[in-house]
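Colleague: Below is a structure I'd like to ask you about.
The values are calculated or read from the model by the stated rules, or taken from the named source; none is laboratory data. What you are looking at is a predicted structure, and each value in this text was computed from that prediction instead of being measured. Backbone-built Cβ (ideal geometry, glycine too); neighbour counts: all protein chains shown. Just the protein is used for accessible areas: all its heavy atoms, side chains included, with ligands, DNA and RNA removed. Shrake-Rupley method; radii C 1.70, N 1.55, O 1.52, S 1.80 Å.
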Amino acid sequence: MARRLSPTVTTLLAYPNVSEGRDVDVITRIGRAFGDGLLDVHSDPDHHRSAFTLAGEPGELAQAVAAGAATAIELVSIDAHDGIHPRVGAVDVAPIVFLGDADRGGACAEALVLADLLATDLALPVFLYGILAGGRSRAELRRGGPGELARRIATGELTPDFGPPALHPTAGAVLVAARPPLVAFNVELAPPATLQDAKRIAALVREGGQEGLPGLRAIGLWLDQFGFAQVSTNVEDHRATPLAAVVAAVARHARVTGAELVGLAPQAALDAFPPDVQLRGYATIEDSLHRRARTA
C-alpha cells in the first residue's frame with residue numbers, strides 16, 4: 001500500500017532518467033527499487049531512456065532515488081547504449097523538483113544529500129547543474145557524450161562536484177539539480193519532414209534561436225520505430241512558454257501530426273492545448289498526487 005504523504009510536510013518530486021528504454025524487465029525492476037513513491041514511468045526505445053517520477057518528503061526522497069540508482073547501475077551499462085538521446089550515464093540525470101518557491105531551499109538541500117549518497121554509496125562522479133552550479137546546463141555537461149566528459153575530467157577542464165575523479169566504468173556519471181517542474185515534450189512532424197528539417201526547426205524555436213521561445217531547449221531527432229522526425233523539447237518555464245506555444249512555433253515550419261508528454265506536467269502547462277493535436281502520455285502532477293493520496 002502506498003504511503004500517504006503528510007499534508008503538513010513538504011512534498012518534493014524526483015525525476016531520475018535512466019539510459020534504458022527497451023528491456024521491460026529491467027525497467028520494471030528499477031521502478032520497483034525506487035519504492036512506493038513512484039508515480040510514473042515513461043520509456044522510449046528510440047531514445048533508449050526511461051523517465052521515472054517519484055514523490056517524497058525531504059529526508060526520504062534522496063534515499064529512494066539512491067536505492068533505485070543502485071539497481072540501475074547493476075543492470076544498465078552505458079557502454080552498450082545506442083539510443084538517440086544525449087547522455088553521460090546509466091542514471092543520466094536525477095533532479096529534485098520543488099512545486100513552489102517556498103520549497104526551493106528544501107529541494108536544494110535534498111539534491112545535495114542525493115549527490116553525496118550517489119557519490120559515497122555508489123561511487124558515481126556527480127556533476128551539479130542549474131541553480132546549484134551557477135546556472136550550468138545539462139547540455140554543457142553532456143556535450144560530446146561520455147568520452148568527451150572523460151577527456152574533460154582527465155585534462156582538468158571539469159571536476160566532479162562529488163565522488164571519484166573519473167567516470168564509473170559502466171555507469172558513467174550522473175547529473176544532479178534542484179529545479180522547478182520541467183516539461184519534457186515532443187512534437188511529431190508529418191512526412192516528408194526529415195531529420196534535417198527537425199534539426200532546423202529546433203534551432204529556430206529554442207531559446208536563443210531566431211524565433212526562440214523563453215526557456216525552451218530543443219533538438220531534432222528521427223524515430224526509427226515510427227518512421228518520422230521529432231522536435232524533442234524541454235520546457236523549463238511552462239508559465240512563460242506553455243505547450244500550446246511550442247506546438248504553434250513548430251507548426252509554422254512543418255505540419256504537426258501529434259505530440260507526446262514525457263512524464264508528468266503541471267496542469268497549467270496544458271492550458272489552451274490545441275484540441276486537433278493528439279497528445280500521447282497525458283498525465284499531470286496534480287492528478288498523480290491526488291491519486292496517490294486516495295490510494296494510501
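Colleague: First obtain the Kirkwood hydrodynamic radius of the range 119-243 from its Cα pairs, then insert it into the Stokes-Einstein equation at 37 °C and 0.692 mPa s, and state the resulting D in µm² per second as a whole number.
Modeller: My calculation gives 202 µm²/s for D.
Colleague: Can you tell me the alpha carbon radius of gyration of the range 1-120 divided by the globular rule-of-thumb value 2.2 N^0.38 Å?
Modeller: 1.04
Colleague: Based on the inverse mean of 1/r over its pairs of different Cα atoms, what is the Kirkwood hydrodynamic radius of the range 62-132, in Å?
Modeller: Radius from the Kirkwood sum: 13.2 Å.
Colleague: Report the normalised scattering of the chain as log10 I(q)/I(0) at q = 0.07, 0.11 Å⁻¹, calculated by the Debye formula with identical scatterers on the alpha carbons.
Modeller: -0.25, -0.63
Colleague: Under unit Cβ charges (Lys, Arg +1; Asp, Glu -1), what dipole magnitude, rounded to 20 debye, does the chain have relative to its Cα centre?
Modeller: Using Cβ point charges on Lys, Arg, Asp and Glu, the chain gives about 300 debye.
Colleague: Send over the per residue convex hull volume for the range 232-296, Cα only, as a whole number of Å³.
Modeller: Values: hull volume 6.2 nm³, N = 65.
So the per-residue hull volume is 96 Å³.
Colleague: Give, rounded to the nearest 20 debye, the magnitude of the charge dipole that the range 218-296 has about its Cα centre when Lys and Arg contribute +1 at Cβ and Asp and Glu contribute -1 at Cβ. Numbers along the way, then the final one.
Modeller: On the way: 7 positive and 8 negative charges, 29 e Å.
Computed charge dipole of the range 218-296: roughly 140 debye.
Colleague: Where does each of Arg49, Arg294 land when they are ordered by accessible area, with a 1.4 Å probe and the largest first?
Modeller: Ranked list, largest accessible area first: Arg294, Arg49.
Colleague: Roughly speaking, to the nearest percent, how much of the chain's 1.4 Å accessible area is carbon and sulfur?
Modeller: That share works out to 53 percent.
Colleague: GNM, the chain, Cα, under 10 Å: largest mean-square fluctuation among Ala254, Ala94, Ala80?
Modeller: Ala80
Colleague: Taking 1 over the mean of 1/r across every pair of different Cα atoms in the range 53-102, what Kirkwood radius in Å do you get?
Modeller: Evaluated on the range 53-102, it is 12.7 Å.
Colleague: Something else now. Can you compute the modelled spin-label distance between Ala67 and Asp276, with each label point 7 Å from Cα toward Cβ, in nm?
Modeller: With each label point 7 Å from Cα toward Cβ, the separation is 4.9 nm.
Colleague: Using a Gaussian network model of the chain with C-alpha springs under 10 Å, which one of Arg142, Arg252, Arg32 is most mobile by mean-square fluctuation?
Modeller: Of Arg142, Arg252, Arg32, the most mobile in the Gaussian network model is Arg252.
Colleague: To continue, here is another question. Which percent of Cα-Cα pairs in the range 153-225 sits in each 5 Å bin, short to long?
Modeller: Distribution as computed: 3, 12, 16, 14, 11, 16, 17, 9, 3, 0 percent.
Colleague: Figure the gain on full extension for Thr155 and Ala133 (residue separation times 0.36 nm, minus the Cα-Cα span) and round it to one decimal in nm.
Modeller: Roughly 5.9 nm would be gained on extension.
Colleague: Using only the C-alpha atoms of the range 81-185, find the volume of their convex hull and express it per residue in Å³. The partial results should precede the final answer.
Modeller: Numbers: hull volume 10.1 nm³, N = 105.
Hull volume normalised by residue count: 96 Å³.
Colleague: Separate question: Quickly work out the Gln225-to-Arg252 label distance, labels modelled 7 Å from Cα along the C-beta direction, and quote it in nm with one decimal.
Modeller: Inter-label distance under the simple model: 3.2 nm.
Colleague: Here is a follow-up. Can you give the convex hull volume of the alpha carbon atoms of the range 194-246 per residue, in Å³?
Modeller: 67 Å³
Colleague: Here is a follow-up. With the chain treated as a Gaussian network of Cα nodes joined by springs under 10 Å, which of Thr257, Thr120, Thr155 yields the largest mean-square fluctuation?
Modeller: Judging by the Gaussian network model, the answer is Thr155.
Colleague: While we're on this one: I'd like the Karplus ³J(HN,Hα) series for the range 99-108: coefficients 6.51, -1.76, 1.60, θ = phi - 60°, whole numbers in Hz, and an x wherever there's a Gly or Pro.
Modeller: Calculated HN-Hα couplings, in order: 8, x, 4, 5, 9, 4, x, x, 5, 4 Hz.
Colleague: Just to confirm, what accessible area per residue do you get for the chain at 1.4 Å probe, in whole Å²?
Modeller: The answer is 42 Å² per residue.
Colleague: Let me have the 222 nm mean residue ellipticity of the chain computed from DSSP H runs of 4+ only, each contributing -39500 (n - 2.57), with the sum over all residues rounded to the nearest 500. Before the final figure, lay out each step's value.
Modeller: Details: 8 runs with 90 residues, N = 296.
The helix-only estimate for the chain comes to -9500 deg cm²/dmol at 222 nm.
Colleague: In addition: Given Cα positions, please report Rg to Rh for the range 170-296, the hydrodynamic radius being the Kirkwood one. Write down the numbers at each step before the final one.
Modeller: On the way: Rg = 15.4 Å, Rh = 15.3 Å.
Value, to two decimals: 1.00.
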